[in-house]
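Asker: Right, I'll just put the structure down here and ask away after.
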Amino acid sequence: MILRLRDRCARLLPEGRLLPEAVWERRHRAIMRLCLASAGLLVLVAWLQGGGQPAAVAVLAAVAGPVALAAVPRLGRKGRAAATTASLLAASVALVHLWGGVTEAHFIFFVMIGVVSLYQDWVPYGIALVVVVVHHGVFGTMYPHEVYSHDAVHDPWLWAGIHAAFVLAASIAHLAAWRLNEDQVLSDPLTGLANRTLLEEITHRLLARGGAVSLLFIDLDDFKDINDSRGHAAGDGLLLVLAERLHGCVRPGDVVARIGGDEFAVVVNGGPDVARSVGERALVALSVPVPLADGMVTVHASVGVAASTDATDRTAGALLRNADLAMYLAKAQGKNRLVVYADGMAEAARRRAGLAQDLAVAADAGQLEVHYQPTVRLTDGRTTGFEALVRWNHPGGGLVPPGEFIPLAEETGAITGIARWVLREALRQGAVWLAETGTPLRMAVNLSPRQFQDGDVTADVVAALEESGFPAELLTLEVTEGVLVRDVDSVVAHLEALRTLGIRIAIDDFGTGFSGLSYLRHLPADIIKIDRSFVMDLPRGRSATTLITSIVELARTLGLDVVAEGVETEGQRQALADLHCAQAQGYLFARPAPAARAGASLPGRPARVPAQPGAPAVERLQGTRRH
């Protein structure tokens, strides 16, 4: 009971912002100078009023003596603040006595309370209250005419209580103003959660107590798209809902903070296992669809976790930095997942930054190459076309996996120029194969979501078709479902314009993104590509069989063709054929390969196309580092 009462009283006292060391030291030095100036002035006053050397020495010792202690760093903040407070209150006492106890002299106590409030610590207020009670009571009894100049001389302890009440009221006023100011400065104005400053201060305090402390860095995936497509008002409303969900995922004592537009953090008083549990609950809670005025929205997040037990640098900054690195790795691995920080991630981040720089000149340097993977008809195994896939042969690191550099290119904006270059290369090669074989082979090229934002996709495609002479009716452009949550009307307008040219539109990785039936109903699509995650469970997976059957039947109803991705076994091929899936691609038929190898089985000898001279420099975009 006593401990609970003590904790409750401690919470009532504003623990206050832990002032940065430089700020605290700057304020402390200014207050020390004020103490010394007060000592000098009071010594002069004592001398001029005829107090002589003894009075001057006594004032100097009482006021300047504590300043010597205030200069000792070993005493810590509270001890040094207590020393300067004692000095300033001694100056107040001296002034009252030198001035003969006139009422106006007592006002100096309130001035000094305002000065020591700069420490943002409750200790100086307590000292001031004790000094006023003791001085006005004890000295008022012993030397009433030096402390009071009115009827208080007859009842000094009563007036000591009255003065103490005024001092207490002034202290409470400062404390209240302090707390209200902190509530404004240390909270996020939209969600009411803690902000970054408070997060770092709370983390610092927990680390100072010892024990395990963990931090989660949570970044909402593709949240910028929601702001762009639905407006910032809808985005703010969504943030409020998600902030409330995050708050419901943590334990009492854990603190949730909003540290950026779509970034949150949680400081957990516990080790990595506890933090992982909190993070997994957060992933589940955030993924529940949110109803907005214009429909449902599903949001996912990438979560990085760092623990003080895994770091040599036990500081709030290091913990936040490590959690941020882990979150970036979660993004790079495909988003909507949790990654725990481990040694080596900092090196991975440096490698990623180096790759971003090298990627900017990769096209000009001739490091990019287009590989081609065939699409086959399941009934007879005939190749009906190819999908163009970009590969990066880094001069220092060899072949960089697409899963590593494509997300990086999307993030930096380099993908716009790369995709434009791939489109021209693929259509030029397709025109060569068409001329040599006389067989109408389709060419599928992926469009990046950034191309719809950063340029005129239709104009780029038309220019590439005219430059290569490749027939528009043999071109398939693939978009992922994720592109559809951006400006849907603008995307649909671009796709409709492309279809009028005879180009076919395919939805890549169908079933893994945002679209669902509501988007599919409005899309100008011609082909659905079933994601490999559904195919890999064939032929034994019941749920996979049911889902693929549903997708094939849906496509047939809508008049769409179906292509299955990621076919690696004969069992998967046979299962897809039995489900009436018409076409497929995957390692079972052929891996992506350069043009010379990919076209070797076609009628005639496919020519190897040299790298296009003067490939365009990769555009770099201004903007946020993530969204």
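The values are calculated or read from the model by the stated rules, or taken from the named source; none is laboratory data. Here the structure is a predicted model, which means the values were calculated and not measured. Every residue, glycine among them, receives a Cβ derived from its backbone with ideal geometry; neighbour counts consider all protein chains shown.
Every residue, every condition in (1) over 29 Å from Ala285 (Cα atoms); (2) part of a helix (DSSP H, G or I); (3) of a type in the set (Gly, Ala, Ser); (4) outside the structural domain of Ala257 (by TED's automatic domain parsing), yes or no:
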| site | (1), (2), (3), (4) |
| --- | --- |
| Ala306 | no, no, yes, no |
| Leu320 | no, yes, no, no |
| Ala323 | no, yes, yes, no |
| Met327 | no, yes, no, no |
| Val339 | no, no, no, no |
| Val370 | yes, no, no, yes |
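Asker: Let me ask another. Run down Leu42, Leu75, Leu69, Leu34 and say which single residue is buried (at least 22 other Cβ atoms within 10 Å of the Cβ), assigned to a helix (DSSP H, G or I) and not basic (Lys, Arg).
Answerer: Numbers: Leu75 fails: buried (at least 22 other Cβ atoms within 10 Å of the Cβ); Leu69 fails: buried (at least 22 other Cβ atoms within 10 Å of the Cβ); Leu34 fails: buried (at least 22 other Cβ atoms within 10 Å of the Cβ).
Only one candidate passes the filter, namely Leu42.
Asker: Now a separate question. Being assigned to a helix (DSSP H, G or I) and either surrounded by fewer than 22 Cβ atoms within 10 Å (Cβ to Cβ) or of a type outside the set (A, V, I, L, M) (or both) is the filter here; which residues of the stretch 407-418 pass it?
Answerer: We begin by selecting, within the stretch 407-418, every residue assigned to a helix (DSSP H, G or I); these are 407-412, 415-418.
Pro407, Leu408, Glu410, Glu411, Thr412, Thr416, Gly417 - these are the residues of the stretch 407-418 that are assigned to a helix (DSSP H, G or I) and either surrounded by fewer than 22 Cβ atoms within 10 Å (Cβ to Cβ) or of a type outside the set (A, V, I, L, M) (or both).
Asker: Sticking with this structure for a sec: Scan Gly279, Gly304, Gly295, Gly344 and give me the residue that is free of Cβ contacts under 8 Å to residues at least 40 places away in the same chain and either buried (at least 22 other Cβ atoms within 10 Å of the Cβ) or on the phi > 0 side of the Ramachandran plot (or both).
Answerer: Details: Gly279 fails: free of Cβ contacts under 8 Å to residues at least 40 places away in the same chain; Gly304 fails: free of Cβ contacts under 8 Å to residues at least 40 places away in the same chain; Gly295 fails: free of Cβ contacts under 8 Å to residues at least 40 places away in the same chain.
Matching residue, one of Gly279, Gly304, Gly295, Gly344: Gly344.
Asker: Same structure, new question: Any residue at all in the stretch 84-101 that's assigned by TED's automatic domain parsing to the domain that holds Arg33, closer than 26 Å to Arg26 by Cα, surrounded by fewer than 22 Cβ atoms within 10 Å (Cβ to Cβ) and modelled with pLDDT of 80 or more?
Answerer: no
Asker: Could you list, in sequence order, all residues of the stretch 419-453 that are assigned to a helix (DSSP H, G or I), of a type in the set (S, T, N, Q) and surrounded by fewer than 21 Cβ atoms within 10 Å (Cβ to Cβ)?
Answerer: Of the residues in the stretch 419-453, the ones assigned to a helix (DSSP H, G or I) are 419-437, 449-453.
Within this subset, residues satisfying the condition of being of a type in the set (S, T, N, Q) are 429, 437, 451, 453.
The answer is Thr437, Gln453.
Asker: Take the stretch 253-275 and flag every residue that is buried (at least 23 other Cβ atoms within 10 Å of the Cβ), in contact with a Gly (Cβ under 9 Å, 6 or more places away or on another chain) and over 15 Å from Glu200 (Cα atoms).
Answerer: Answer for the stretch 253-275, where residues must be buried (at least 23 other Cβ atoms within 10 Å of the Cβ), in contact with a Gly (Cβ under 9 Å, 6 or more places away or on another chain) and over 15 Å from Glu200 (Cα atoms): just Asp262.
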